[in-house]
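One structure below.
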Number of protein chains: 2
Amino acid sequence: MRIGELSRRTGVAVPTIKYYVREGLLPAGRLTSPNQADYDDSHIRRLRLIRGLMDVGGLSVSVVREVLAAVDAPEEPVHKVLGAAQEAITPPTVGEPDGLDEARRAVAEFIRRRGWRVDPGHVSAEALAVALATFRGIGHGAFEEVLDDYAVACERIAAADLAYVGRQVDVDSLVESVVVGTVLGDAVLSAMRRLAHVDGSARQYEG
Amino acid sequence: MRIGELSRRTGVAVPTIKYYVREGLLPAGRLTSPNQADYDDSHIRRLRLIRGLMDVGGLSVSVVREVLAAVDAPEEPVHKVLGAAQEAITPPTVGEPDGLDEARRAVAEFIRRRGWRVDPGHVSAEALAVALATFRGIGHGAFEEVLDDYAVACERIAAADLAYVGRQVDVDSLVESVVVGTVLGDAVLSAMRRLAHVDGSARQYEG
């Protein structure tokens, strides 16, 4: 199809499609003449993936580029590929709140207590430590009492996520499902947790 | 204390503190002379809350202003206040993916099936519908099979969150804990889910 049809079928404007090609997010179409290119269904799917990561996942162009590089080059063992894809889509933590070292030790102890096979230096362990130190700094350190409830819930969610990922038939789809499931899954989880709050609050306070 | 000490004790630069006062995020200090103001511990706590919402929660200055307005003016019944605080901190959805109406119907059916007391037009129900439509658009509609696992997990998390919120002794702390728990809780949940993924992946693929 021509770029105009690609634009119509995905709702992405032609200049934006050209921008994504220039930025290396979308493979160029097959040239059929010096100034005309042909696109296929793989471009439609990739464009929707790009927009999903940006609009729902809130990722920037440069992060989407890194994420797609992980999707496009899965050469390592599965566990390594998943780790790389996950690392690419995890935003770096901002700032160093007071008490970060103490919170890091609390996270390491939490990981040990749960028996999780995770390096305490993992980027998400660091993100958890920053969040905990921030809770403590604003006088809500007691929030840590709910951590084990969160952990049990996350173990259930992760098992469901991995079962979904494991149903993918090839490595490309596997990596794509990790990226999509992690980024869009965050959005699903955040929205659903708020709905569960509304429900719980209605039961508790409205009688 | 003077603004210099407030800056030292919170790690927030003096011009930034002045900016937050101008933007209405932080109450002005008590004037002790025409060009000198006095700050107290409430300013320290408020500044840490602002930085937590921005750095960990990723909120913008204007969203933080709305959120703090909810924290500062809790005059309505508790369930209403919680709803208003929650609405202020929930980012509006971006874009209208294909198949949004169908996804909205799926979300309404999901809410009905779970027996949740939630208006299907709730801002978070809309966010969930946008995420589901995006999943479908990129060929990952099968992800919906995990929704009930997510729901069970979210019910557990929401119960723990509400128990924590319910321990607050006054309405101010109650509303603050909702805001903090929702925004920073998202960060905790996102980080912890990724750690659970690493653990699950290690068990599944490393043997």
Item to check | Listed residues B:Ser33, B:Ser62, B:Ser177, most fluctuating in chain B (Gaussian network, C-alpha, under 10 Å) | outcome: B:Ser33
Checklist entry - Smallest Cβ-to-axis distance in chain B, for the rotation taking B to A: which residue, how many Å? => result B:Ala153, 2
Item to check | Accessible surface of the stretch A:57-206, 1.4 Å probe, proportion on carbon and sulfur as whole % | outcome: 51 percent
Item to check | Copy-to-copy label separations for A:Ala142, where each label sits 7 Å from Cα toward Cβ, in nm and ascending | outcome: 4.6
Item to check | For the stretch B:42-55, Karplus couplings with θ = phi - 60° (6.51, -1.76, 1.60), whole Hz, Gly/Pro x | outcome: 5, 5, 4, 5, 5, 4, 5, 5, 4, 5, x, 5, 7, 6
Checklist outcome for this item: Gyration tensor on Cα atoms of the stretch B:57-205, a ≥ b ≥ c root eigenvalues, a/c under 1.5 rounded, else prolate if a/b beats b/c, else oblate, says prolate
Next on the checklist: Can you tell me which of A:His197, A:His140, A:His43 moves the most in a GNM of chain A? Springs connect C-alpha atoms under 10 Å apart.
Outcome noted: A:His197
Item to check | Other-chain or far-sequence residues with amide H under 5 Å of B:Asp38's (modelled H) | outcome: B:Arg30, B:Leu31, B:Thr32
Item to check | Label-point gap, in nm, between B:Arg9 and B:Glu145 - each point 7 angstrom along Cα→Cβ | outcome: 5.6 nm
Checklist entry - Taking trypsin sites (Lys or Arg not before Pro) that fall in a DSSP loop and have at most 14 other Cβ atoms within 10 Å as cut points, what is the longest piece of chain A between them? => result A:3-116
Next on the checklist: Using the Cα centre of chain A as the reference point, and only Cβ charges (+1 on K/R, -1 on D/E), how large is the resulting charge dipole? Debye, rounded to the nearest 20.
Outcome noted: 660 debye
Checklist entry - Can you list the HN-Hα couplings for the stretch B:108-120, worked out from phi with the Karplus curve (6.51, -1.76, 1.60; θ = phi - 60°), rounded to whole Hz and with x for Gly and Pro? => result 4, 5, 4, 4, 4, 4, 6, x, 7, 7, 9, 5, x
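Give the average, rounded to an integer, of partner chain Cβ atoms located within 10 angstrom of each Cβ in A:122-134.
Mean number of neighbouring Cβ atoms from other chains: 6.
Give me the summed buried accessible area for the B-A pair, 1.4 Å probe, to the nearest 100 Å².
On the way: alone 13420 and 13420 Å², together 18670 Å².
Approximately 8200 Å² gets buried when B meets A.
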Item to check | B:Asp41 accessible area, 1.4 Å probe, all protein chains in place, Å² to nearest 10 | outcome: 100 Å²
Checklist entry - How high is the relative contact order of chain B, in percent, with contacts defined as C-alpha pairs under 8 Å that are six or more residues apart? => result 20 percent
Item to check | For A:Ala13, label point 7 Å along C-beta direction: distances to other copies, nm | outcome: 3.4
Next on the checklist: If you fit an axis through the alpha-carbon atoms of helix B:123-137 and take the longest principal axis of the Cα set of chain B, what angle between them do you get, 0 to 90°, nearest 10?
Outcome noted: 50 degrees
Item to check | Cβ-vector label at 7 Å, A:Gly24, separations to other copies in nm | outcome: 4.4
Next on the checklist: Given a 1.4 angstrom probe, I'd like the percentage of the accessible area of the stretch B:1-56 that is carbon and sulfur, rounded to a whole number.
Outcome noted: 48 percent
Next on the checklist: Residue by residue through B:138-149, how many Cβ atoms from other chains fall within 10 Å of the Cβ on average?
Outcome noted: 6
Checklist entry - Which of B:Pro15, B:Pro97, B:Pro34 moves most in a GNM of chain B, Cα contacts under 10 Å? => result B:Pro34
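The values are calculated or read from the model by the stated rules, or taken from the named source; none is laboratory data. From a predicted model like this one, the values you see are computed outputs, not experimental measurements. Here the Cβ is made from the backbone with ideal geometry for all residues, glycine too, and neighbour counts use every protein chain on show. Just the protein is used for accessible areas: all its heavy atoms, side chains included, with ligands, DNA and RNA removed. Shrake-Rupley method; radii C 1.70, N 1.55, O 1.52, S 1.80 Å.
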